[in-house]
Every structure is written in structure tokens, then in C-alpha cells.
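J.: Below is a structure I'd like to ask you about.
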Amino acid sequence: MRHETLAGREELLAIALAAAREAAAFLHAGWRSRPHAEHKGRVDLVTEFDRDSERMLRERLHRETPYGVVGEEQGGDQVPVDGSATWFVDPLDGTTNFVHGHPFYCVSIGLLAGDVPVVGAVVAPALATEWSGVLGGVARRNGAACQVSDVQRFSDALLATGFPYDRATSDDNNFDAFVAIKRKAQAVRRCGSAAMDLCLVADGTYDGYWEKKLAPWDCIAGAAIVAAAGGRISDYAGGPPDLLSGQLLATNVAIHDALVNELARVPSSRLPPSPRFRR
């Protein structure tokens, strides 16, 4: 299969980047137009831009690759249990930002083979920035090779996180962890796009990131890019990540154990994962 060799993964990345750029250009044409938004939940929004972008991505990936596609808005092909590859696409990561005219939104396309993220492409049109990476290759930001930071001390780390859509009703809402870690790290940012947060770890802007209750289309592309940039991804306990579980840590390696330890001190962070997606 094409994803099993570096050359094949690079070919798939070129397809994913072209698809992401096309969808991102479409989104950017509607940015700051105050599009009508529907509520999927109390604070979870969707627009026609999300849906139309996903249709574009599906058509192109189905036409140009042999793999199934799972997307945020339309669901999609069954995830194979035999380890073969599946595309996970977020046609507009950061919909709330997009609706309000905030520039932190992107198109995210990731290829998962078994449990391993092998290709990632993320395009953020309002920032004129894109990130990419493949298993066994290099990570790139706007075409130039990038890598994770060399920050060694947790107290010097700039971190990122996010909060779940059910944060008003669930005790497992990341608030306690945010407050505890913000006391220990240099700073914590919350910009509203998991895909972009991961990419900013990959290019050395952030030193680490943590979040729960993610969907796989939120994080598979970014996880592939972090790994290609020399970073480390894991679950909250520091073990191998399950990107379908909704729980993810990503760091520059040097501060990873410190972040795991800080999260372990927060009782709500020890609650089991609450996946938003199931096979």
C-alpha cells in the first residue's frame, strides 16, 4: 500500500496538501463574513462552510487515493480493524473562531494506519501558514523544515490546551488542570484549534499541549506532524497514544514527563478518556 513506504507517504502528503489548500482558499473567501451558524450543541457550531469544505475534501481524497474518509460533519467510511489506512478530515477546525472573524482556523487532513498517524497536512489561510509531515520524514512549516523546541525546564515552557464542549456540565472539563499547570509553566494559551495547537508544538512555538475529549479529526494530522518534528505524543499517563480515545499529550520530549506528572496530580485528569468517536 502507498502509505507503507516513505515515498508513498510523501506522494499522499502532496495530495493532502493540495486538497487542504483548495478547501482553505474556499473558507478564507468567506472569513469575516459573519456566516450563519447552527448549534450542534450548546456551544458547538457548524456552518455551510464546514459542510461544503468537507464535500470538497471527500471528493478529492476519494478520487485520488484508495483510502476511506471520515469527517467531522458527515461521518463516513467505517474505520478498518485490520490496520489499513483511513483519512480523518476536519474541514474547518476552529469553527467558533471562524464565525467570529478570529484568524485561528484551519483545514486538517490526517492519515491513520492502524494506530499510527502517518501523514498530516494543516492549512491556516488567515495566517498564511501551513504545516505538513509524514512518518519517517521531516516536518515543514511553509515549506521549510521545522522541529520542536529545546526548552528544558517546565517553568520556562509555553503550553497550549483546550476545553470540551460539555465543559459547563461535566466535571471532566480541564479547568482544574488548566489552573494547576498555569501556576507551574511560564504560560498557557487556549486558541481554539487543536490541529493548530499541535502544529505549533511541531514548529517550536509551543513546548507542549494537552487535551481530552478530542475527536480523531482534531488531532491525527497534528500528531503526525509533531512526530515528524521530533516531538513525543502519548496518552495522559505517558503511554502509547490512542488517537481515537480523545486524550492526547504532545511535547518537545524534554518536558513530557513533567507534564505527565503535573496532570497526574489533578484528580479530574485521572478520569478515564471519554471518546467522541468510536470504531
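The values are calculated or read from the model by the stated rules, or taken from the named source; none is laboratory data. Predicted, not measured: the structure shown is a model, and the values here were computed from it. Positions of Cβ are generated from backbone atoms using ideal geometry, with glycine treated the same way; all protein chains shown enter the neighbour counts. Quick note on the areas: whole protein, heavy atoms, side chains included, nothing else; ligands and nucleic acids left out. Shrake-Rupley method; radii C 1.70, N 1.55, O 1.52, S 1.80 Å.
J.: Taking interchain pairs and intrachain pairs at least six residues apart, which have beta carbon atoms under 6 angstrom, with the first residue in the range 44-57 and farther than 18 Å from GLU22 by Cβ and the second in a strand (DSSP E or B) and open to solvent by 10 Å² or more (accessible area, probe 1.4 Å)?
T.: Hits for this filter: VAL46/GLU38.
J.: Right, something else. Identify all residues within the range 230-279 that are of a type in the set (S, T, N, Q) and modelled with pLDDT under 95; write none if there are none.
T.: Scanning the range 230-279 gives SER245, GLN247, SER268, SER269, SER274.
J.: Looking only at residues in the range 178-223 that are basic (Lys, Arg) and in a helix (DSSP H, G or I), which one is nearest to PRO103 (Cα to Cα)?
T.: Top of the filtered list is LYS182.
J.: Does any residue of the range 167-177 turn out to be modelled with pLDDT of 95 or more, part of a loop (DSSP other than H, G, I, E, B) and open to solvent by 10 Å² or more (accessible area, probe 1.4 Å)?
T.: no
Each row is one residue, and each column tells you yes or no for (1) part of a helix (DSSP H, G or I); (2) out of contact with any helix residue (DSSP H, G or I) (no Cβ under 6 Å at 6 or more places or on another chain); (3) within 22 Å of TYR206 (Cα to Cα).
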| residue | (1), (2), (3) |
| --- | --- |
| ILE233 | no, no, yes |
| TYR236 | no, no, yes |
| PRO241 | no, yes, yes |
| LEU244 | no, no, no |
| ALA250 | no, no, yes |
| VAL253 | no, yes, yes |
| LEU259 | yes, yes, yes |
| GLU262 | yes, no, yes |
| SER268 | yes, no, no |
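J.: Go through (1) at pLDDT 95 or above; (2) in contact with a strand residue (DSSP E or B) (Cβ under 6 Å, 6 or more places away or on another chain); (3) open to solvent by 10 Å² or more (accessible area, probe 1.4 Å) one by one and return the number of the condition SER155 breaks.
T.: Condition (2) is where SER155 drops out.
J.: Being among the β-branched types (Val, Ile, Thr), without any contact (Cβ under 8 Å) to a residue 40 or more places away in the chain and at negative phi is the requirement here; does VAL179 meet it?
T.: When the stated conditions are applied, VAL179 passes them.
Here's the yes/no breakdown for (1) of a type in the set (S, T, N, Q); (2) at pLDDT 95 or above; (3) on the phi < 0 side of the Ramachandran plot:
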position: ARG58; (1), (2), (3): no, yes, yes
position: GLU72; (1), (2), (3): no, no, yes
position: PRO80; (1), (2), (3): no, no, yes
position: GLY83; (1), (2), (3): no, no, no
position: ASP90; (1), (2), (3): no, yes, yes
position: ASN97; (1), (2), (3): yes, yes, yes
position: HIS102; (1), (2), (3): no, yes, yes
position: GLY110; (1), (2), (3): no, yes, yes
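J.: Also, I was wondering about something else. So for the range 190-203 (the condition being surrounded by fewer than 16 Cβ atoms within 10 Å (Cβ to Cβ) and over 11 Å from the mean Cα position of the chain (by Cα)), does at least one residue qualify?
T.: Yes, some residue in the range 190-203 is surrounded by fewer than 16 Cβ atoms within 10 Å (Cβ to Cβ) and over 11 Å from the mean Cα position of the chain (by Cα).
J.: Do you know which of the residues in the range 106-143 that are part of a loop (DSSP other than H, G, I, E, B) and under 21 Å from GLY204 (Cβ atoms) is least open to solvent (accessible area, probe 1.4 Å)?
T.: Here the residue is GLY137.
J.: A further question follows. Quick check on this structure: which one of GLY239, GLY231 is without any contact (Cβ under 8 Å) to a residue 40 or more places away in the chain and either within 18 Å of ILE181 (Cβ to Cβ) or open to solvent by 10 Å² or more (accessible area, probe 1.4 Å) (or both)?
T.: None of the other options fit; the residue is GLY239.
J.: Shifting gears a bit: I'm told ALA215 meets every condition in (1) at pLDDT 95 or above; (2) closer than 17 Å to VAL107 by Cα except one. Can you identify the failing condition by its number?
T.: Evaluating ALA215 over (1) at pLDDT 95 or above; (2) closer than 17 Å to VAL107 by Cα leaves (1) as the failure.
J.: Go through the range 212-225 and give me each residue that's over 8 Å from the mean Cα position of the chain (by Cα), among the charged types (D, E, K, R) and surrounded by 24 or more Cβ atoms within 10 Å (Cβ to Cβ).
T.: LYS212 - this is the single residue of the range 212-225 that is over 8 Å from the mean Cα position of the chain (by Cα), among the charged types (D, E, K, R) and surrounded by 24 or more Cβ atoms within 10 Å (Cβ to Cβ).
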